[in-house]
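K.L.:
The structure that follows is given in the form of structure tokens.
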Amino acid sequence: MLAHALVTPTAAAYTSGRDISLTLESARSKVEERFREGSTVLLSMMDVLNRLLNSLESVSMALDNTESSDTSADLRATVESLTAITEANRQQALVSLAQTGRELRKHVSDMQETMRYLRTFAVTVKITGAGLAEFAGFAQEILERIYSGTDEVNRFATHLDSLDKEVKLAASFGASVSKGYADTVPAVAAALRDDAAKIAEHRKDLGVIAREVGAIARGVQSKVASTLSALQIGDITRQRIEHVQATLAQLEDFFAGEEGGKFDASARKRLQNVVHHLTAAQMSDMCANFHRDSENVVKTIASFDHDMREILKLRDQMSGESSEAGGNFMRALESSVSAAHEIVKQVDVASRQADQVSQSTSGTAAKLSESIANIRAVKTDIHYMALNTNLRCSRLGEEGRSINVVTAELRIFAGKLDDSADAIVSGLPALEAAAGNVAPAADTGAGGLGESLTSAVGNIRSAANVMENELKILAENGREVATKISLLIGKLDFQRDLGDVLARCADLLEAVAGSEIADISDLTDVIAPLDRQIFKHYTMAQERNIHRDIIPAREESTPAPAETVKAENDEDLFADALF
């Protein structure tokens, strides 16, 4: 090959140079196209990774909002209120009210018995005084007062009987509710507490997974950023190909110029040989660098696949927990709340009944007080009417004696009404106090608990819906990231195509150059402008080092101008700083 390079005619060498340029241009275009595509894909992947991280931030925010609103704590507080309702206390109050009513009923029975005696005595007075005109009207009047008193006592008894029936009904229903409450509420409350704890634990697990996904996604984001930075290998490769192309073009321009036109065939071939060796060395070094750096890029990109599988696995885990486990938690919670609502409704009915009994008792106590006043008035009337009769009988002598005996009994039995009335009046405060104990406390109303349960579950469901929506968005972004990564891996496999193209270019240049470098020491002064022109295009210190290994710098008898040295030093510093 070297012999061919050194002895072939000028036309043949020119054809080889043209072929090399075409091959280099093809490689340069492919490098530019492939790396441009890679950058586009990487940037789009960075965009979708940002959306994924935004989704994770939304999920975390939803979790934080759920924790800050503490809906589970609200539910637990409601459950504690549910367990705090003591139906047994109300039952005891109903029993106490019934007992107080029965004690009053005894005194009413005594009154009714007294009224029967008074009625009998009044009839006896009427019969005994039938022959005495002045007692006929009195007997009828006293009978009417006794009948009036009897009606008042009977009304009194009716009020107590009605109250007793209400108390018995409330006590009977309340006993059933109390038993059901005692048997059911502990289990329901425990289930509600357990469900609330499971939901809190579930969301805690989601938070842990979200942080894991975020860590992996940020790691991929960092890798993408470093890969974007590493893609400068494409730009470097393109530039170095252009430098090789420029070197070959400058050689042709040199030969076409005044100084190159003076070269004989031997000098032309020797200079071509050295330049071909220079370009071959540049291409070989570039291929080695490209192979090393692109291999690192491909390895980084290949690691995306593992990261993405982890993200998708965690994403599925989050979605699965949300749709299945989370759904089960909600169904279990709603089932427990439904059972609690049923109990609360029964307690609410019992509370309303007890409240009605309490109100009825208060009304009955007022009516009883009014009746007692009326009965006392009847007793007073009977007492004074009997006393007047006694005075009249005393004036009648023997004739009025029998009537006097009967009216004396009337006065005695009328006095017994006072004893019963006093006992009833003394018992009314106890009746009212018992009624107050029966009334449900305003701050523990079952209806309010039902609303609290509904509100707490509604808040939990609302938070679950927000979480489910955010997880759906997260899943969609996760799928898009996976798609982008698959596309990226396919487009950025530089070794498969570009590495081979660049290697063929290097092989072609090495084949044209041959195995030995020609001696051009006698041409040093003549080619110095070409040397400086080629050297000036380099942007990398590595390129300059390779150049000087092939074409050593011309030794100057006098120092180079200061500005030239300065320019070269600045160029070196700039290149070293960049590369």
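K.L.:
Step through the residues of region 246-256 one at a time and calculate ³J(HN,Hα) from phi using the Karplus curve (6.51 cos²θ - 1.76 cosθ + 1.60, θ = phi - 60°), rounding each to whole Hz and writing x for Gly and Pro.
P.N.:
For region 246-256, the Karplus-derived couplings read 4, 4, 5, 5, 5, 4, 5, 5, 4, 5, 7 Hz, x marking Gly and Pro.
K.L.:
Could I ask something else about it? Quick one: 3J(HN,Hα) in Hz for region 28-38, Karplus 6.51/-1.76/1.60 with θ = phi - 60°, rounded, Gly and Pro as x.
P.N.:
Running phi through 6.51 cos²θ - 1.76 cosθ + 1.60 with θ = phi - 60° gives 4, 5, 5, 4, 4, 5, 5, 6, 5, 4, x Hz.
K.L.:
Now for a different question. Computed FRET efficiency, Cβ-Cβ of Asp519 and Ala215, R0 56 Å: what is it to the nearest 0.05?
P.N.:
So the FRET efficiency works out to roughly 0.35.
K.L.:
Next up: Give the peptides 516-529, 374-387 in descending order of average Cβ contacts within 10 Å, highest first.
P.N.:
374-387, 516-529
K.L.:
May I ask you to order 402-410, 454-462 by the average number of other C-beta atoms within 10 Å around their residues, highest value first?
P.N.:
Put in order of decreasing packing, that is 402-410, 454-462.
K.L.:
In whole Hz, with x marking every Gly and Pro, tabulate ³J(HN,Hα) for region 154-162 from phi via Karplus 6.51 cos²θ - 1.76 cosθ + 1.60, θ = phi - 60°.
P.N.:
5, 4, 4, 5, 4, 4, 5, 5, 5
Every number here is computed from the coordinates shown, using simple stated rules; none is lab data. Being a predicted model, the structure only gives us computed values, none of them experimental. Cβ: placed from backbone, ideal geometry, glycine included. Neighbour counts: every protein chain shown.
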